[in-house]
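Let me begin by presenting the structure, written as structure tokens, before commenting on it.
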Amino acid sequence: MSLESSEDPRRRRLLDDPLAIRAMAHPVRLDLQGLLGKEGPLTAADAARRLGISQALASHHLRQLAKYDFVEPAPGKDNRERPWRLVSTSQSWRDLELTPEASAAADVLEQLMAERALGNLADWQQRRTDEDRVWWENSGIVYTGIYLTGDELAELEEKISALLLQYVDERPIDDKSTRPPGSRLVGFTRIVTVSPAEDAET
């Protein structure tokens, strides 16, 4: 089965290895994965130019990502060209067994992703007044506080994830041919927090 198929089981990945989570939790590696998602297969030299880093640094981080199966070599135009491509386009560590090591690894990755999301939000806030109404009306931060049981929270998360995964599967992020005209990369960073148990008793 070709990697381009949305039915490839590798396209969705459960991160259950703390070492793999730690390997992913690096700004340059997240940049490289984002770039490969946006542009499709790229050589280390092409990726380095786009990110403004050295080719040696790009090569090092791509090899580290490959070591943990986040990227893999892709077919090149000739024997000299060695591009890389994404293996998975959707990752989750929600079902990770929270050992101290796994929890620490997830904490580092989530903190890094939250910081990047805040940076993207600040960038969007600078640009959104120049955008069409449909873009700025449906973006930004929305906060909703509700009392839920654990089972209700799990059900709600499952429904939200199913809606998003429909598009993830139909339009693999690194497959430009599946992008409808007028579509743009939209980032969903959902931060779900739970209050201490005693708060529910008041």
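The values are calculated or read from the model by the stated rules, or taken from the named source; none is laboratory data. Keep in mind it's a predicted model, so treat the numbers as computed, not measured. Cβ coordinates were reconstructed from backbone atoms using ideal geometry, including for glycine residues, and neighbour counts include every protein chain displayed. For accessibility, only protein heavy atoms count, side chains too; no ligands or nucleic acids. Shrake-Rupley method; radii C 1.70, N 1.55, O 1.52, S 1.80 Å.
Take the chain with all the other protein chains still there, run a 1.4 Å probe, and you get 69 Å² of accessible area per residue. Just checking the listed ones, Ser183, Ser88, Ser161: in the Gaussian network model of the chain with Cα springs under 10 Å, the one fluctuating most is Ser183. Largest GNM mean-square fluctuation across Leu165, Leu19, Leu153, computed for the chain with C-alpha springs under 10 Å, falls on Leu153. Of Val168, Val186, Val142, the order by accessible heavy-atom surface (1.4 Å probe, DNA, RNA and ligands excluded), from most exposed downward, is Val142, Val186, Val168.
Across all directions, the shadow cast by the convex hull of the stretch 125-202 built on its C-alpha atoms averages 7.6 square nanometres.
Dividing the summed helix terms, -39500 (n - 2.57) for each DSSP H run of n ≥ 4, by the number of residues in the chain produces a 222 nm estimate of -15000 deg cm²/dmol to the nearest 500. Of the solvent-accessible surface of the stretch 48-202, computed with a 1.4 Å probe and all protein chains present, 52% belongs to carbon and sulfur. For the chain, a simple Cβ point-charge model (Lys and Arg +1, Asp and Glu -1, everything else neutral) yields a dipole of about 1320 debye relative to the Cα centre. Of all lysines in the structure, those lying under 27 Å Cα to Cα from Lys159, and not within fewer than 8 positions of it along the same chain, are Lys38, Lys176. Residue ranges 37-50, 116-129 sort as 37-50, 116-129 when ordered by packing (mean number of other C-beta atoms within 10 Å per residue, highest first).
Distance from the C-alpha centroid of the stretch 112-179 to that of the stretch 183-199: 9 Å, rounded to the whole angstrom.
Here the dipole of the stretch 42-131 is about 520 debye; that uses its Cα centre as origin and unit charges on the Cβ of Lys and Arg (positive) and Asp and Glu (negative).
Shape analysis of the chain based on the Cα gyration tensor places the equivalent ellipsoid semi-axes at 31, 22, 18 Å, largest first.
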